[in-house]
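What follows is one structure encoded as structure tokens, with my remarks underneath.
Taken together, the values in this text are just the output of simple stated rules run on the coordinates, not laboratory data. Because the structure is a prediction, the values reported are computed rather than measured. In this analysis, Cβ positions are derived from the backbone assuming ideal geometry, glycine residues included, and neighbour counts consider all displayed protein chains.
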Amino acid sequence: MIKKIFISCFILTFLSAISLQSFAQEKKTTASKNLIKTNLTGIAFKNYSLQYERIINRKFSVALQYRIMPSSSIPLQKLILKHVGDDDPDTKKIIEDLRISNYAFTPEARFYVGKKGYGRGFYIAAFYRYASFTSNDLTIFYTDENNNQSSIKLSGKLTANTGGILFGVQHFFGKRIVLDVWLLGPHYGSGVGNFNGIPSSPLNTDEQNALRDQLNSMDIPLTHKTVEVNANSATLKLNGPWGGVRSGISLGIKF
């Protein structure tokens, strides 16, 4: 009888030790559930961002990213100007003078497919993005029937709502350092823009027609345009599909 009690106590003690060890390992693995990261590659495009990720369990996490681009010239302007060439001086002037700013919010839900999990390894994420782009320096050049050239500056913003899927890999270095690689994240949705301009002096009929023709001739693929021009103002409204691709390398810490 004593022998049986001793064996039972030994088994219970052994199982308890395994359970405590497993619990300690689990706690150690999941102790750092919060991650803060910044996208390093976005800096080259004048975009600055922070992403917060919260680990829910071994397989799932949720994240929220905020991105901002202060008012500045178009990223990769020299490359764009090289493509435009010298044949269209008006377009070249528009690109050189144009300054834009933008911001975006991107919530996402991640599923980690590997065995390690808890924010490590290959993942698939579903995300939504709201983005807003603003410009106060969209210069439109036009020439009336008397060959008089004039220009008008339009200001306004374009907002876009898109959704997509992101494939990526995340790795921990030591206890605190996080490396998150966005391999490919296509997203698609719609965008709506509204830009307005006020001429320095009232436009006559010829100038109104010339400006209206110039705005209507702007080639914006797959986008519906609405142009309104009168003596005292010009309005350009845009409505159409919008999309892009998320990719980059983020570095951060976990805590």
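Farthest towards the positive end of the charge dipole of the chain, among the residues TRP242, LEU203, MET218, is the Cα of TRP242, using unit charges on the Cβ of Lys, Arg, Asp and Glu. Here is how the number arises for the chain: DSSP H runs of 4 or more residues each give -39500 (n - 2.57), the sum is divided by the residue count, and the result at 222 nm is -7500 deg cm²/dmol. Neighbour counts of C-beta atoms inside 10 Å place TYR103, TYR123 in the sequence TYR103, TYR123, starting with the fewest. Calculated on C-alpha atoms, the gyration radius of the stretch 132-255 divided by its Kirkwood radius gives an Rg/Rh of 1.23. In the chain, taking the dipole from charged Cβ atoms about the Cα centre, the farthest positive-side position among LEU64, ILE80, SER49 is held by LEU64. Taking amide hydrogens as placed 1.01 Å from N in the peptide plane, the amide H of SER233 sits under 5 Å from that of no residue at least 5 positions away in sequence or on another chain.
The residue list GLY114, ILE124, ASN102 was ranked by how far each Cα lies along the charge dipole of the stretch 23-254 toward its positive end, using unit charges on Cβ atoms, and GLY114 comes out on top. Under a model in which nothing but the beta-carbon of Lys, Arg (+1) and Asp, Glu (-1) is charged, the stretch 23-254 shows a dipole of about 2560 debye around its Cα centre.
Couplings 3J(HN,Hα) for the stretch 243-249, derived from phi with the Karplus relation 6.51 cos²θ - 1.76 cosθ + 1.60 (θ = phi - 60°), are x, x, 9, 8, 7, x, 10 Hz, where x marks Gly and Pro.
Filter the cross-link list LYS46/LYS82; LYS93/LYS237; LYS37/LYS93; LYS37/LYS237; LYS37/LYS116 down to pairs whose alpha-carbon distance in this structure exceeds 29 Å. Where the Cα-Cα span goes over 29 Å, the pairs concerned are LYS37/LYS93; LYS37/LYS237. Seen from a random direction on average, the alpha-carbon convex hull of the chain projects onto 17.8 square nanometres. Mean sequence separation of contacting Cα pairs (under 8 Å, at least six apart), scaled by the length of the chain, corresponds to a relative contact order of 17 percent.
Shown for VAL62, VAL245, VAL229: other C-beta atoms within 10 Å of each C-beta, ranked fewest to most, produce the order VAL245, VAL62, VAL229.
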